[in-house]
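Read the structure below first, then the notes.
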Amino acid sequence: QVQLVESGGGLVQAGGSLRLSCAASERTFSMGWFRQAPGKEREFVARISWSGSLIYYGDSVKGRFTISRDNAKNTVYLQMNSLKPEDTAVYSCAASSAGLVSAIPASSYYWGQGTQVTVSS
């Protein structure tokens, strides 16, 4: 059982930046981020493999968000720039020991508790 601890959420003005962190209790094949706003379905944001080479972003955040990881700390980061009100959501960290987050079913993921990101206009 992999445990994930998230931090970095908060309130920011449109155009601003936030950096989310997710620390895992052990090494996993990949880690990533999803988000969900009230009344909307869960949306894929970004993911990265253990090697750091297999990176993938959702279309809505390409060019604005950057995912990275520190393997010594089993930690993944999400740098969010040029934030928009439509980025407001609960952001959840996910990890998989079986394959690539976003490419395999979510039933195989471990999940963090979620952190609220609110972007004001």
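The values are calculated or read from the model by the stated rules, or taken from the named source; none is laboratory data. Since the model is a prediction, treat every value here as computed from it, not as a measurement. Because the Cβ atoms are built from the backbone with ideal geometry, glycine has one as well, and the counts that use them run over all protein chains shown. We work out accessible area using only protein heavy atoms, side chains counted, and drop any ligands, DNA or RNA first. Shrake-Rupley method; radii C 1.70, N 1.55, O 1.52, S 1.80 Å.
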**Request:** Sort 111, 50, 33 from largest to smallest accessible area, using a 1.4 Å probe on the heavy atoms of the protein chains.
**Result:** 111, 50, 33
**Asked** What whole-number value in Å² describes the accessible area per residue of the chain for a 1.4 Å probe?
**Response** 50 Å²
**Once the Cα gyration tensor of region 1-52 is diagonalised, semi-axes √(5λ) in Å** = 23, 14, 12
**Request:** Could you rank 43, 86 by how accessible they are, 1.4 Å probe, largest area first?
**Result:** 86, 43
**Fill in**
Restricting to lysines and to Cα separations under 24 Å from residue 84, and discarding same-chain partners fewer than 8 apart, the set is 40, 62
**Request:** Could you please put 49, 17 in sequence from largest to smallest accessible area, using a 1.4 Å probe?
**Result:** 17, 49
**Complete:** With a 1.4 angstrom probe the carbon and sulfur portion of accessible area for the chain, in percent, totals 48 percent
**Complete:** Output for region 46-97: trypsin sites (Lys or Arg not before Pro) sitting in coil per DSSP, at most 12 other Cβ within 10 Å, listed by number, reads 62
**Asked** For the chain, what are the per-bin percents of Cα-Cα distances with bins 5 Å wide, up to the bin holding the maximum?
**Response** 2, 13, 24, 26, 20, 10, 4, 1
